[in-house]
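What follows is one structure encoded as structure tokens, with my remarks underneath.
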Amino acid sequence: MSQLKSKIDNTFKSRETEELLDKIFYRPLGYLIALGSKKIGMTPNAVTILSIFIGVIAGHLFYYNNLMINMIGILMLISAEALDSADGQLARMTDKKSMYGRILDGFGGNLWFISIYIHLCFRLIESGSSYTIFLLAIIAGISHSLQSAMADYYRNFYLYFVFGENKSEVVKSNELQMLYEELSWRKHFIKKFLMRVYINYTIEQEYFSKKSINLITFVSRQFSDQLPAEIPKMFREKNKKLIKYYNILTTNTRMMVLFLSILTGYLQLYFIFEISILNILLIWVVYKHEQNSQEILEEAKRLNSENVYA
């Protein structure tokens, strides 16, 4: 059992940043799916595409005011999430990691929830709500996008500073723009489209992370060979307690609220939860992470000046 646990852990980016439900359920299940996928020759992107189809169909099943159909939809969405876990694990297991795979993975999750929002809206309209419910869904969708983007960004910052650059997926929008300009719409339509989506996603992250970007820019220039030990230590001390809040802003918590909303019939509850509670948490997390980044930057500048005059 301990050997299996060790093998599963090897497919994590970091156990420290994983959510509890992922560690005890989705990652072990995803690992088994990844093993099976590897055995039959499925690629990580093929697993991602399968998860997209299942997640989008799950969204459609939430349209029906039928508990049995809704339960099937819930099981399908859980399956899609397990596949979403498996694609990354398979990529790390087979060393087939790619930027476009990561982009497709994130884009696929957006397609799930677009399907969910649209079908919930039509179900509410059929139950007597006005078409203004779409406005609530759009606000919730924009909120969802920003919440997930910032949580993902800050977790990657944590991986970068605490576990090293090779564990992280932090990338700047201007670097992505250069890759985008090298692609042709005629020859690389899908890649160029995905890159455009990812650039917009990254710009959104950067807009709210000025101090964090200042920090990573400074340390990458001044400590290009190796970070002083004080920087990762300080980053971990200040930000480790924020990880649980990053995780609340991602998928599992909102899925549980979604399932509760569907099973009780209070569908608006899900949209209200995203717009109110998760946005309040987002504002606090961004404020705290930016504040911590500024303090760590000041310490990095002090260490750099000591090295210069040593």
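Derivation of every value follows stated rules applied to the coordinates shown; laboratory data play no part. Just so it is clear, the structure is predicted and the values come from calculations on it, not from any experiment. Here the Cβ is made from the backbone with ideal geometry for all residues, glycine too, and neighbour counts use every protein chain on show.
Of these, 23, 13, 38, which one is of a type in the set (Lys, Arg) and either farther than 26 Å from residue 239 by Cβ or in contact with a Pro (Cβ under 8 Å, 6 or more places away or on another chain) (or both)?
After applying the criteria, what remains is 38.
Listed here are the residues, each with its yes/no results for (1) surrounded by 13 or more Cβ atoms within 10 Å (Cβ to Cβ); (2) farther than 30 Å from residue 138 by Cα; (3) hydrophobic (A, V, I, L, M, F, W, C).
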| residue | (1), (2), (3) |
| --- | --- |
| 224 | no, yes, no |
| 229 | no, yes, yes |
| 232 | yes, yes, no |
| 240 | yes, yes, no |
| 272 | yes, no, yes |
| 282 | yes, no, yes |
| 287 | no, no, no |
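Exactly one residue out of 104, 83, 77, 124 is under 25 Å from residue 6 (Cα atoms) and buried (at least 19 other Cβ atoms within 10 Å of the Cβ): that is 83. Restricting the range 101-116 to residues that are free of Cβ contacts under 8 Å to residues at least 60 places away in the same chain and within 18 Å of residue 76 (Cα to Cα) leaves a set whose member that is farthest from the chain's Cα centre (by Cα) is 114. Scanning the range 169-212 for residues that are without any contact (Cβ under 8 Å) to a residue 24 or more places away in the chain and closer than 29 Å to residue 16 by Cβ yields 175, 207. Scanning the range 86-98 for residues that are in contact with a Gly (Cβ under 9 Å, 6 or more places away or on another chain) and surrounded by 15 or more Cβ atoms within 10 Å (Cβ to Cβ), which turns out nearest to residue 6 (Cα to Cα)? That would be 89.
Counting the residues of the range 191-235 that are among the hydroxyl-bearing types (Ser, Thr, Tyr), under 30 Å from residue 108 (Cα atoms) and not in a helix (DSSP H, G or I) gives 1.
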